[in-house]
1. Just the residues that are touching a residue at least 60 places away in the same chain (Cβ under 8 Å) and more than 22 Å from residue 78 (Cβ to Cβ), please, taken from region 15-44.
2. Search region 111-166 for residues being of a type in the set (Lys, Arg) and over 13 Å from the mean Cα position of the chain (by Cα), and hand back the single one that is nearest to residue 58 (Cα to Cα).
3. For residue 381, state whether it is surrounded by 15 or more Cβ atoms within 10 Å (Cβ to Cβ) and either within 30 Å of residue 38 (Cβ to Cβ) or without any contact (Cβ under 8 Å) to a residue 12 or more places away in the chain (or both).
4. Taking region 18-50, which residues are in a helix (DSSP H, G or I) and aromatic (Phe, Trp, Tyr)?
5. Just name the residue that is farthest from the chain's Cα centre (by Cα) out of those in region 414-428 that are crowded, with 20+ Cβ neighbours inside 10 Å and of a type outside the set (Val, Ile, Thr).
6. Kindly indicate the residue of region 141-181 that is modelled with pLDDT under 95 and of a type in the set (Asp, Glu) and also surrounded by the most Cβ atoms within 10 Å (Cβ to Cβ) among those meeting that condition.
7. Report yes if some residue within region 316-332 is outside the structural domain of residue 90 (by TED's automatic domain parsing) and over 30 Å from residue 248 (Cα atoms); otherwise report no.
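The values are calculated or read from the model by the stated rules, or taken from the named source; none is laboratory data. Only a predicted model underlies this, so the values are computations on that prediction, with no experimental measurement involved. Cβ placement follows ideal geometry from the backbone for every residue including glycine, while neighbour counts extend to all protein chains displayed.
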Amino acid sequence: MSTTSAHPGRVVMVDIQGKRLDAATAAFLRQHQIRAVCLFRKNLGTEAEVRQLCADLREVMGPEALIGLDQEGGSVVRATFLPQPPSAMALGAGGDAALAREVGAAVARGLRAIGINWNFAPVTDINNNPANPVIAERSFSERADEVTRLAGAWMAGSLEAGVACCIKHFPGHGDTHVDSHLDLPTVNKSRAELDALELIPFKALRDQAPSVMTAHIVYPQIDPDYPATLSRTILGGILRQEWGYDGVVITDALMMKAIADRYGYARASVLALNAGADLILAQGSLEEQGQAIGALQAALSLGELPQQRVNEAAARLDALAQRFPVAIASYSDAQRAQDDALMRRAWAAGLSTLRGARAPGLDEPVRVLVQQEVPTDGVSEAGPTGEQVRALFAGHRQVEVLAVPSITALDWASLPQDGRFTVLASTARARYGDVAQAWRPDLHLILWNPFQSLDVAAPTVISWGYADGALAALQAWLQGRLDVQATAPVTLN
């Protein structure tokens with residue numbers, strides 16, 4: 001390990017504001033020796049624009065730059081112009097580890113083609129809480145062994161294709177009913193309970209995973225004072241000392257309300273590094289990012305943050321960047337077409353039905369109930385539109401579509417009792433709540449959160465997502481061209 005003192009900017013990942021690298025941001029990155037940037041939807045224009053942005057970032061940050069984003073699959077896919085991967089739960093329903101590995105490799109090929117060398121995926125959370133507002137279909141399964149098997153396969157594919165992975169959210173975000181983007185969740189489980197479920201995939205995959213992302217969750221029986229992101233007991237104790245993990249530990253975004261509203265950028269940055277994290281994800285304005293770096297500098301000067309801790313973190317990041325160098329790779333039209341076909345095949349393999357679901361006949365009169373628009377929540381992409389749902393029934397000859405501003409405002413009693421085959425199409429993530437108890441569709445078509453099937457006692461078909469491949473598979477089933485073989489990887493009855 002180098003004896004040179006690493007600049008604190010070397011252990012900070014920032015976001016940027018536009019689709020191009022402006023002069024002020026470039027100067028800020030150089031001034032603070034920042035080598036890591038996380039891209040979000042706001043940064044992604046056309047494919048050519050993203051390629052240019054990544055090239056410009058590498059030019060400014062140097063050959064050991066780390067450029068990351070969330071390209072999990074399903075609803076969490078930033079680069080939507082690339083072949084669209086299935087959600088983790090779609091792969092869980094298919095249950096094919098070889099297919100999951102192929103998908104991971106294809107995701108990585110697309111990312112390397114635009115200059116990304118770090119993907120914050122796969123999710124290794126075990127979604128065993130149907131009320132979870134933020135994980136759901138982002139998880140492979142409610143079973144630890146299946147999450148380990150499929151996430152491990154997906155990651156192996158990505159690593160072989162040259163893109164770093166990041167298992168998340170340690171030590172487990174699957175059993176929460178609060179979104180940590182909005183508030184601080186608590187999981188009141190003992191260490192023995194975590195060992196029996198949540199920690200299994202993280203422990204099993206730790207030697208394979210080049211990086212781990214932390215969860216902004218308090219586990220009061222483990223550390224009553226700090227969420228995992230800031231906990232020496234959890235990061236320094238369990239992950240580093242007990243398990244011997246020597247890869248990169250990155251925080252989830254410190255601007256999320258679970259952290260920002262309680263600790264602030266500055267204090268949280270120091271706490272996280274001292275806890276055992278190597279990279280602080282500090283989003284915000286240049287001024288706010290500067291505050292995080294300033295807090296680290298002040299803590300170094302006061303002796304509150306050992307320089308050795310910063311050097312150790314920087315060395316791990318150096319090793320990650322050297323193993324997965326940032327460079328724009330070629331991506332032929334033929335390879336892209338092959339990857340797109342793979343993604344569509346994987347989506348189709350995951351399509352699932354419940355309670356004897358059948359598609360309406362092509363000549364049968366159909367009424368489709370759908371929410372017209374579902375805007376992005378900042379975590380997921382925008383949901384499918386009413387027009388996309390209408391297009392699913394292009395092969396049916398008698399279709400009436402009733403588009404409503406909000407699906408939860410649906411008044412079931414007011415619907416005409418005219419014998420039409422009624423389809424309730426769910427395009428939003430949130431569970432319906434008690435309002436849905438009176439709904440009695442002939443077919444519940446779930447394009448997003450599978451746990452909505454628990455709210456409506458009806459025959460159901462689940463696509464686990466709404467990418468092009470998911471919608472194509474669903475339309476094929478509706479038209480009688482696709483038989484369903486998959487089994488839901490979570491309990492939905």
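1. 24, 28, 32
2. Start the filter on region 111-166 by keeping residues that are of a type in the set (Lys, Arg), which leaves 112, 138, 143, 149.
Those still in the list that are over 13 Å from the mean Cα position of the chain (by Cα) too: 112, 143, 149.
Working: 112: 13, 143: 40, 149: 34 Å.
Out of the qualifying residues, it is 112.
3. So residue 381 passes the test.
4. To start, the set of residues in region 18-50 that are in a helix (DSSP H, G or I) comprises 23-31, 41-43, 47-50.
Once the filter is applied, which keeps residues that are in a helix (DSSP H, G or I) and aromatic (Phe, Trp, Tyr), region 18-50 yields only 28.
5. First, the residues of region 414-428 that are crowded, with 20+ Cβ neighbours inside 10 Å: 422-428.
Then drop every residue that is not of a type outside the set (Val, Ile, Thr), which leaves 424-426, 428.
Numbers: 424: 26, 425: 23, 426: 20, 428: 16 Å.
Ranking the candidates gives 424 first.
6. My answer is 175.
7. Yes, that holds for at least one residue.
Rundown of residues vs (1) within 30 Å of residue 485 (Cβ to Cβ); (2) part of a helix (DSSP H, G or I), yes/no style:
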residue	(1), (2)
16	no, no
85	yes, no
89	yes, yes
100	yes, yes
